[in-house]
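A short reminder: the numbers here are calculations on the coordinates, not readings from a lab. Every value quoted in this text rests on a predicted model; they were computed, and no experiment measured them. Using ideal geometry, Cβ is built from the backbone for each residue, glycine included, and neighbour counts are taken over all protein chains shown.
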């Protein structure tokens with residue numbers, strides 16, 4: 001069990017690192033194509049990775065969206081067979097239309113172990129931190 005938790009934490013670390021570097025290709029590669037996304041700042045669920053990728057491109061072009069840094073704390077992993085639930089607090093430094101913004105949120109990422117042994121994210125839920 002300890003080894004699986006370490007593997008999930010490594011997958012989460014890689015995902016957070018890619019996000020914090022605005023490395024779009026590496027970030028989205030951490031998600032399965034059928035992954036779903038619920039963000040508190042959107043009025044709808046994104047039903048696939050491709051939908052999220054399209055939204056990301058829109059944010060970049062319309063809003064000048066850029067991730068400058070991302071910090072993860074208060075991390076927890078729960079393993080349930082081939083599923084892992086990763087929760088954490090996340091603080092993100094962003095730029096919107098040239099203005100710096102820091103967000104404080106809580107996030108749940110559900111990972112699924114692939115036949116290759118790799119853990120891919122299949123769901124992400126982001127909410128504001130009270």
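Summary of computed values
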{"item": "Residue among 16, 115, 77 with the largest mean-square fluctuation in a Gaussian network model of the chain, springs linking Cα atoms under 10 Å", "result": "115"}
{"item": "Cα long-axis angle, helix 2-20 against the chain (0 to 90 degrees, to the nearest 10)", "result": "10 degrees"}
{"item": "Sequence of 83, 122 once ranked by neighbouring C-beta atoms within 10 Å, starting from the fewest", "result": "83, 122"}
{"item": "Principal semi-axes in Å for segment 23-93 [√(5λ), Cα gyration tensor, largest first]", "result": "23, 17, 12"}
{"item": "Listed residues 25, 43, 93, most fluctuating in the chain (Gaussian network, C-alpha, under 10 Å)", "result": "43"}
{"item": "Order of 61, 103 under a 10 Å beta carbon neighbour criterion, fewest first", "result": "61, 103"}
{"item": "Angle between the chain longest axis and helix 49-63 axis [Cα atoms, degrees, rounded to 10]", "result": "20 degrees"}
{"item": "Choice from 40, 22, 88 showing the highest fluctuation, given a GNM over the chain with Cα pairs closer than 10 Å", "result": "40"}
{"item": "Size-normalised alpha-carbon gyration radius of the chain, reference 2.2 N^0.38 Å", "result": "1.02"}
